[in-house]
Amino acid sequence: MNEHMIRNVVIVGGGTAGWMAAAAFSRFLNNGVTRITLIESEEIGTVGVGEATIPPLLNFNRMLGINENDFIRETGGTYKLGIEFDGWGDIGERYFHPFGAHGHDLGGIHFHQLYLRERKRRVMQDISAWSMSAVAAQAGKFARPAEGAQSAVKELLYAFHFDASLYARFLRRYAEAGGVQRIEGKIVEVALRPEDGHVAAVKLENGQAVEGDLFIDCSGFRGLLIEEALETGYEDWSQWLPCNRAVAVPSSYSGDPDPFTRATARGAGWQWRIPLQQRMGNGLVYCSDFMTAEAAERELLANLEGEPLAEPRHLSFVTGRRKLGWNRNVVALGLSSGFVEPLESTSIHLVQAGITRLISLFPDRRFNPVERDEYNRQMRDLYKDVRDFVILHYKATRRRDTPFWERCRTMDVPESLQRKIDLFRAKGRVFRDGAELFATTSWVAVCLGQHIVPEEHEPAADALDEDKVAAALEEMRQGYLRVAAQLPTHAEFLRHTGASLANTPAPPQPAEVPGEPNFSFASETPFNFSANPL
């Protein structure tokens, strides 16, 4: 065993980021030597709202061995197949950004290139008609593909909506069962080691000092350790992402929850709509240069589908990132590491990415700079990838109806994004640098959805027979419709997995069949209702 092994990891702050880290560490650092302590204060609130996620969260839950049905029940969760964007290209227009792929490549040619060629020949439906996730979402359908599924149902890719505070509570139970010690208290002082400036200990209001080798800063926007103590610095991205305020409120709603998030463009920002089991999560993200807090609250309340269930909560932020996510012996996660507004539901993924990279590059007490530098390089690239993709939504608008949208439409963007836009506008090409988060499907969905239409398609697409390609595309489209027709509704699936929906009681649980965990509506289309882990 390494004599320099980290003995004490101290997590400062709870909430989603803190308890995600604690849960993961309890699973992967359970070596009999490393002790995990989490400090949080009930006096300090967390930013707990209806949270939307992206598919990599399934991997995080799988790593922890979390039972998905339990997870859905305990967090008030629902399923998410993508995001519907309303009014982003222009007023009254909608498009869908799905999880998963658009269609199938043919003859080594990307599907969207064949789609682009075909739409020059005839009027075509939106490209989302060739996405299993989008077709199911728009029909209000959902199923977990069973292992070995043979039909297009296997192309369903999904994530979750859930109550962030319930998720933190769920992970807290997991972490404490794994040996994590929680300390209630408010930190009033941070002690640095004089020889190297590392954090030695944090002192609580009651006088207790908590020493550690490695500190994880999950203290939110404040950045208690990473910024207040270590003065790391912050890279401000507000020139490209001008929204700096949000107001959030839960509401009641009638009907069944949709299996997708909705983002509706408003005059000075946009409104989120996140359906949970018992309520709707709502919020308005806006720019204070163009809207007051009072006006934002009025606009949000005026556009709710049901009655508000609490008083609106106001938040302020500056989009950007810490110049270093790992500085000395402090690693920042969550809001303390940066914030790229919630438009594409990446907040929790950035926490997850930080945790998994830290585990992969976990230091010892010598803190080899090469490990720290590699972590910072990877997280910097990931943040910039997310930043550019979110900026795309603002830049690609055709709206001229308000000063806010006029500023967004005419602004200069980072060179890295402009290069991608120019490549797509020329011949629909999408090139990913390294391990970028957003795949070709995502870039195609947003670019086409907001009218960045390529002037030409790739010449290689012309090598395939037009009539055969047209027939193949139509066969794909019809296949997605047939499979969607066989799927259970989102609400039916939720009830079968034990969820308690606001408008209907949960039916009895389906019986467990030993050795046969899948419950099928059609023999050729297996769906998974299993309570087994992912």
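Since every read-out is calculated from the coordinates, none of them should be taken as a lab result. In this text, all values refer to a predicted model and were calculated from it rather than measured experimentally. Please note: Cβ atoms are built from the backbone with ideal geometry, for glycine as well, and neighbour counts cover all protein chains shown.
Per the Debye formula with a single identical scatterer at each Cα and no solvent contribution, what log10 I(q)/I(0) holds for the range 245-316 at q = 0.16, 0.18, 0.23, 0.25 Å⁻¹?
-0.50, -0.63, -0.97, -1.12
Once every DSSP H run of n ≥ 4 in the chain is given -39500 (n - 2.57) and the sum is divided by its residues, what mean residue ellipticity at 222 nm do you get, rounded to the nearest 500 deg cm²/dmol?
Details: 14 runs with 172 residues, N = 534.
Here the helix-only value at 222 nm equals -10000 deg cm²/dmol.
Once both axes come from the Cα atoms, what is the angle between helix 111-121 and the longest principal axis of the chain, in degrees from 0 to 90, rounded to 10?
Rounded to the nearest ten degrees, it is 40.
Express the C-alpha Rg of the range 232-378 as a ratio against the empirical globular expectation 2.2 N^0.38 Å, rounded to two decimals.
1.26
Whose amide H sits under 5 Å from the amide H of Gly82, counting only residues 5 or more places off or on another chain, with H placed in the peptide plane?
Phe99, Thr261
Could you tally the net charge around Gly207, taking each other residue with its Cβ under 13 Å from the Cβ of Gly207, Lys/Arg +1 and Asp/Glu -1? Don't skip to the end; give the middle numbers.
Values: positive: Lys186, Lys203; negative: Glu189, Glu205.
Taking every Cβ under 13 Å from that of Gly207, the sum is 0.
Relative contact order for the chain: what percent, with Cα pairs under 8 Å and sequence separation of 6 or more?
The value is 23 percent.
Of Lys323/Lys420; Lys120/Lys427; Lys80/Lys154, which pairs sit farther than 19 Å apart, going by alpha carbon to alpha carbon?
Lys323/Lys420
Per-residue HN-Hα couplings for the range 147-158, Karplus 6.51 cos²θ - 1.76 cosθ + 1.60 at θ = phi - 60°, whole Hz, x for Gly and Pro?
4, x, 4, 9, 8, 5, 4, 5, 8, 5, 10, 9
Just add up the charged neighbours of His4: K/R +1, D/E -1, any other residue whose Cβ is under 13 Å from the Cβ of His4.
Charge balance in the 13 Å sphere: -1.
Which net charge results for the neighbourhood of Ser252, defined as the other residues with beta-carbon distances under 9 angstrom from its beta-carbon, given Lys and Arg at +1 and Asp and Glu at -1?
That works out to -1.
What is the angle, in °, between the Cα long axis of helix 369-395 and the longest principal axis of the Cα atoms in the chain? Nearest 10 is fine, range 0 to 90.
40
Excluding residues fewer than 8 places away in the same chain, name every one of the aspartates and glutamates whose C-alpha is closer than 17 Å to that of Lys395.
Correct list for Lys395: Asp86, Asp90, Glu93, Glu341, Glu344, Asp385, Glu406, Asp412, Glu415, Asp422.
If you split all Cα-Cα distances of the chain into 20 Å bins from zero, what percentages do you get per bin, shortest first?
Result, from short to long distances: 21, 53, 25, 1 percent.
Give the shape of the range 453-500 as rounded, prolate or oblate, defined through the alpha-carbon gyration tensor: a ≥ b ≥ c are the square roots of its eigenvalues, a/c under 1.5 means rounded, and otherwise the shape is prolate if a/b is larger than b/c and oblate if not.
prolate
Cα-based Rg of the range 1-113 per 2.2 N^0.38 Å, rounded to two decimals?
1.56
Check which residues have an amide H placed less than 5 Å from Lys141's amide H, if you skip close sequence neighbours.
Long-range HN contacts for Lys141: His490.
If you count the DSSP beta bridges with both ends in the chain, what percent of them are antiparallel, to the nearest 5?
If I count the DSSP bridges inside the chain, around 75 percent turn out antiparallel.
What percent does the relative contact order of the range 245-316 come to when contacts are Cα pairs within less than 8 Å and at least six residues apart?
Dividing the mean separation by the residue count of the range 245-316 yields 45 percent.
To the nearest 10 degrees, how steeply does helix 440-449 sit against the main Cα axis of the chain, on a 0 to 90 scale?
The angle comes out at about 60 degrees.
Under a crude label model (7 Å from the Cα following the beta-carbon direction), how far is Asp467 from Arg409 in nanometres?
A separation of 4.4 nm, rounded to one decimal place.
Non-local amide H neighbours of Gly89 (under 5 Å, H modeled in plane, Pro and chain starts lacking H): which ones?
none
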